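Here's the structure we're looking at; comments come further down.
Nothing in this text is a laboratory measurement; each read-out follows from the coordinates by a stated rule. None of these values were measured; they are calculated from a predicted model. Cβ sites come from the backbone with ideal geometry, for glycine too, and all protein chains shown count toward neighbours.
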Amino acid sequence: MMFEGMLNDIWFKLTLLLVVALASNFLFSRLGQPKIIGQILLGILIGPSVLGLIGISSSTSGIPTGNIFDQLPEIGTIATLGAIILLFIIGLNCDMKEIYTKGSIIVATSGVILPWVAGFLLAEYMLPEPAAGTKFAVSVMIGAALVATSVAITAGVLKEMGVIGSRPAKMILGAAVVDDVLGMIVLAISSNLAVGTDIQVMNIILIVLAAVVFVGVGAFVGSRYISRLIDAVERRGAKKDLPESGFLLALAFAFLYAFIAQSIGISAIVGAFVAGTSLAKSEHCKKFSRSTEVLGWVLTPIFFIALGILVDIRLPLESWIFALVLTLVAAATKLAGCGIPARLMKMSNRESLAVGLGMIPRMEIAMVIALYALWQGVISQEIYSVLVLMGLLTALFTAPLLKWSMKGTPRAADERAIEHTLQS
């Protein structure tokens, strides 16, 4: 009875989550795997489908009932905050002028449209009608989860190999950052499509315009005016021995954009991402990024471990088959959608293959989209588990393939141009 009481105590849960995060970081760095993968896998281990250290209600069959985070509201709130901080950090490390080249935009756009459409069609073909909601809504969200490449995983491999300044590496990182932005727009569109009824072409156009206007206008106002205000507050705070002043205002700005985005029907994480990109050219951006990283050390692992806790690996055979097929589709669509445009831009066959392989991993944004869809009740926990498994599989097999494709690439002498995109 006493042990059960401990499992239901929020402070014990936080202690357990942070210790698990620390253990996963040491273990998976030793194995040469990204720590994000370790956090999700250990989340699955301590979750209800294995050890059950995070206690939740379950049916007589032992399968969790409802949305687990409805039963763990404190952890859910902290995990949501971790997702907002994660997207704010990614935004802070996106230099639009250096990364958003014509080539990277073409590669990213092709690598977004093809997986989104293919994922939607696969779900429409393989999945049965859901018990609640519409199959169309589920299919739209599954397609959206295939869109965005994991910058952290791909960049980690390239940095480890010392080829970060090579031509294919620049293309990969540029396109990955671009499709993070497109992924946020896709999330905004998908969330509206998923909850909408009687979808019409004009409605879709309005949704696209709303998402583009928010990203464009929000970034313009933020970079032109709010960024200058935050820099001024930072300078004034430094004179008065208040070094935290600019950072606090920057964080408040992130939460304000998250609030505005959510208020107009777009996910809060989109707002946090736009806020981060707005401050990317701030003279104090590096300081804000370092300070936010400290928050990220605490909150972001809780988010990824929570993703694992939500996964139930006791899936029926048809769901495992769907997860494997979805993983193959996710890999093939990025390989073709990004590799072929790279080849058409005069890159060699091996370089084009490296670009396609480097764009395959799906982790951060895909997991955020999956969790958002689960919280909104658009997808079931079974489909959520399938999407997380897809992300884990693409991340696990891509790293060795990318290393193989980049073997023999000259080590770059100058990494400074895009080093700030590699914070993870």
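Starting from segment 317-379, pick out the trypsin sites (Lys or Arg not before Pro) whose DSSP state is loop and whose Cβ has at most 11 other Cβ atoms within 10 Å.
Lys346
May I ask you to sort Val355, Val325, Val270 by Cβ crowding, counting other Cβ atoms within 10 Å and putting the fewest first?
In increasing order of surrounding Cβ atoms, one gets Val325, Val270, Val355.
Going by how many other Cβ atoms sit within 10 Å of their own, how do Lys286, Lys170 line up, fewest first?
Values: Lys286 13, Lys170 22.
With the sparsest Cβ surroundings first, the list reads Lys286, Lys170.
In this model, which of Lys281/Lys334; Lys346/Lys403; Lys35/Lys287; Lys281/Lys403; Lys102/Lys135 are farther than 26 Å apart at the alpha-carbon?
Lys281/Lys334; Lys281/Lys403; Lys102/Lys135
How would you classify segment 249-305 from its alpha-carbon gyration tensor, with a ≥ b ≥ c the square roots of the eigenvalues: rounded for a/c under 1.5, else prolate if a/b is greater than b/c, otherwise oblate?
Judged from the Cα gyration tensor, segment 249-305 comes out oblate (a/c at least 1.5, b/c at or above a/b).
Applying 1/(1 + (r/R0)^6) with R0 = 30 Å to the Cβ-Cβ distance of Ile10 and Gln262, what FRET efficiency is obtained, to the nearest 0.05?
Details: r = 24 Å, r/R0 = 0.81.
Calculated transfer efficiency: 0.80.
Please identify the GluC sites (Glu not before Pro) of segment 312-395 that satisfy two criteria: DSSP loop assignment and at most 16 other Cβ atoms within 10 Å. Which are they?
In loop regions of segment 312-395 (DSSP not H, G, I, E or B), there are no sparsely surrounded GluC sites (Glu not before Pro).
When averaged across all projection directions, what area in nm² does the alpha-carbon convex hull of segment 294-384 cover?
8.1 nm²
In which sequence would Val311, Val212 go, from the one with the fewest C-beta neighbours within 10 Å to the one with the most?
Listed from fewest to most nearby Cβ atoms, that is Val212, Val311.
Step through the residues of segment 286-302 one at a time and calculate ³J(HN,Hα) from phi using the Karplus curve (6.51 cos²θ - 1.76 cosθ + 1.60, θ = phi - 60°), rounding each to whole Hz and writing x for Gly and Pro.
Ordered by residue, 3J(HN,Hα) equals 4, 5, 4, 5, 5, 5, 5, 4, 4, 4, x, 4, 8, 7, 5, x, 4 Hz.
Can you tell me how much longer the chain between Ile321 and Lys135 gets when fully stretched, taken as 0.36 nm per residue apart minus their C-alpha distance, in nm with one decimal?
Details: separation 186, 0.36 × 186 = 66.96 nm, distance 1.84 nm.
This chain segment gains 65.1 nm when fully extended.
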